[in-house]
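Below is one structure, written out as structure tokens; the observations come after it.
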Amino acid sequence: MGRHAEMLERHQRVLPSWLALYYDEPMSLVDGEGRHVVDAEGNRYLDLFAGILTTMVGYNVPEVVDAIRDQAGRMVHTSTLYLNEHQIALAEKIADMSGIPDAKVFFVASGTEANEAALLMATSTRRSNQILALRNSYHGRTFAAMSITGNRAWSASSLNPLNVSWIASGSRLRSPLAHLDDEAYLAAAATDLREVLATTTAGDVACLIAEPIQGVGGFTIPPDGYLKALKDVCDEHGILFISDEVQTGWGRTGDHLWGHQAHGVAPDLMTFAKGLGNGLAIAGVVGRAEIVDSLPANSISTFGGNHLSARGALATLEVLERDDLQGNAAKQGQRLLSELMAVGDDLDHVIDVRGRGLMIGVEFGDPGTLAPRPDLANAALGIAREQGVLIGKGGLYGNVLRIAPPLSITDEETDEAARALSETLRRTEQSAG
């Protein structure tokens, strides 16, 4: 029995059956450097999924490793009951980077928890549990976060602590409004939102929460200005806007530091996570001070922004800015997207190739009908592994490849990725039947 087979047997004995694993023969990743990782059986891969968009600046980056190692030898954790210089410095930096005037920051340990905290702040401020959320969204795995997740594959319960009204995601591929030009599409979205507010709410809605690019939903990208069209309607009613930047933040979209900036809109609250810690557990909410301060009871965050994670996050942001990784995301993302679009044009079952920066989605379906083909996405995942690259998958129907490498990927590695993924798509097409 190989190392991976042995681990899988142990895993299945003691971990939940619903804990998703990739591949028919799951693997364990045990080492990495730069953008490459090594599994427990010694195989080396180019990582194009970055621990679900989390290893932002790469593996074993010396400056980040040194900061973590030094801090681990001093103080790892004290909780928010004590002042923390690294947490304060990180909050100052994020408040400045957010672009939100007089912003305050609250740190937690995961993106799910960040979205929960943002919902708590918004509902407390507005004294309402009514929420607007987008169909095909994903905001986390806990009870309230799951209740605003508009993707049945990730909603384990119909029970809901919030009163949620659902609006269109902005995806054009299967939309009945897809025939409209962008201006007409945005106007139709605003009209639809006004009807939702008039028919399915009691009027005093707390907030709209949205991902600028839907991550688990398959990297679906609405037209620029879509979120502004929605927020303009929300502003008419005093409804707050939460931008879920857990996957789109820190320059991953290339053109902007934050995904919402493509829409010319400013959020009241913004959640962040994933890439900030480059693998360390850190996340949070940044927003207008009067909203963040609105909670009428005491609270703490036991693990949020502890000494180790805050120190590592500061080092990660230093590398991000020093090496202009946002600019690199724009450059490498465009190169890779262009290559995959060219290949996809010649393949019947690749029905869409889309992306912004280093968030690229490849969707499989039957030509003409657009009927989803999750079987092809599953096949492509395994073929890519055979080609020496690791990718993700998602989408409402599980039929979309998700490609999101560390922002530090090089020209040579982008070429390597393009070759491997092009071969993956061609071989997947041959298997389509």
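The values are calculated or read from the model by the stated rules, or taken from the named source; none is laboratory data. Given the structure is predicted, the values throughout are model-derived calculations rather than measurements. Cβ sites come from the backbone with ideal geometry, for glycine too, and all protein chains shown count toward neighbours. The protein model used for the area step is the full one, side chains on, heavy atoms only, and it has no ligands, DNA or RNA in it. Shrake-Rupley method; radii C 1.70, N 1.55, O 1.52, S 1.80 Å.
Values for this structure:
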{"read-out": "Projected-area average for segment 255-299 over all orientations - Cα convex hull basis, square nanometres", "value": "4.3 nm²"}
{"read-out": "Under 13 Å, Cβ to Cβ, from Ile242 - net charge with Lys/Arg +1 and Asp/Glu -1", "value": "-2"}
{"read-out": "Packing-based ranking, highest mean first, of 200-213, 244-257 given that Cβ atoms within 10 Å are counted", "value": "244-257, 200-213"}
{"read-out": "Whole-Hz couplings from phi, Karplus 6.51/-1.76/1.60, listed for segment 213-218; x for Gly and Pro", "value": "10, 6, x, 4, x, x"}
{"read-out": "Reduced Cα scattering model of the chain, Debye log10 I(q)/I(0), q = 0.07, 0.08, 0.09 Å⁻¹", "value": "-0.33, -0.44, -0.56"}
{"read-out": "1.4 Å probe accessible area per residue over the chain, in Å²", "value": "43 Å²"}
{"read-out": "Translational diffusion coefficient (Stokes-Einstein; Kirkwood radius from C-alpha pairs) of segment 262-326 at 25 °C, 0.890 mPa s, in µm²/s", "value": "178 µm²/s"}
{"read-out": "Check: segment 73-140 dipole with +1 on Lys, Arg Cβ and -1 on Asp, Glu Cβ, in debye", "value": "220 debye"}
{"read-out": "Dipole of segment 378-422 [Lys/Arg +1, Asp/Glu -1 at C-beta], most positive-end residue of Ala379, Ala418, Val389", "value": "Ala379"}
{"read-out": "Segment 24-69, dipole about Cα centre (Lys/Arg Cβ +1, Asp/Glu Cβ -1), debye to the nearest 20", "value": "200 debye"}
{"read-out": "Residues whose placed amide H lies under 5 Å from that of Gly218, excluding near-sequence neighbours", "value": "Gly395"}
{"read-out": "Extension gain, Thr302 back to Arg335 (0.36 nm per residue minus Cα-Cα distance, nm)", "value": "7.6 nm"}
{"read-out": "For segment 277-433: Kirkwood Rh in Å [reciprocal of mean 1/r, alpha carbons]", "value": "17.9 Å"}
{"read-out": "Percent carbon-and-sulfur accessible area, the chain, ignoring ligands, DNA and RNA, probe 1.4 Å", "value": "51 percent"}
{"read-out": "For the chain, size of Cβ-based charge dipole, Lys and Arg +1, Asp and Glu -1, in debye", "value": "1000 debye"}
{"read-out": "Span from the segment 362-433 Cα centroid across to the segment 223-274 one, whole angstrom", "value": "28 Å"}
{"read-out": "Three-way shape label, segment 331-401, alpha-carbon gyration tensor, a/c 1.5", "value": "oblate"}
{"read-out": "The chain: relative contact order as a whole-number percent, Cα under 8 Å and 6+ apart", "value": "21 percent"}
{"read-out": "Nonlocal amide H pairs with Leu240, under 5 Å, H built at 1.01 Å", "value": "Cys207, Leu208"}
{"read-out": "Cα-based radius of gyration of segment 79-230 once divided by 2.2 N^0.38 Å, which approximates compact folds", "value": "1.16"}
{"read-out": "Extension reserve of the Arg426-Glu85 stretch, reckoned as 0.36 nm per residue once the Cα distance is removed", "value": "117.5 nm"}
{"read-out": "Choice from Leu120, Leu159, Leu340 with maximal GNM fluctuation in the chain (Cα, 10 Å cutoff)", "value": "Leu159"}
{"read-out": "Residue-wise HN-Hα coupling along segment 310-325, computed from phi with Karplus coefficients 6.51, -1.76, 1.60 (Hz; x: Gly, Pro)", "value": "5, 5, x, 5, 4, 5, 4, 5, 4, 5, 4, 6, 4, 9, 6, 6"}
{"read-out": "Residue-wise HN-Hα coupling along segment 169-182, computed from phi with Karplus coefficients 6.51, -1.76, 1.60 (Hz; x: Gly, Pro)", "value": "7, x, 5, 9, 4, 10, 6, x, 9, 4, 6, 7, 6, 4"}
{"read-out": "Percent of Cα-Cα distances greater than 20 Å, calculated over segment 13-140", "value": "68 percent"}
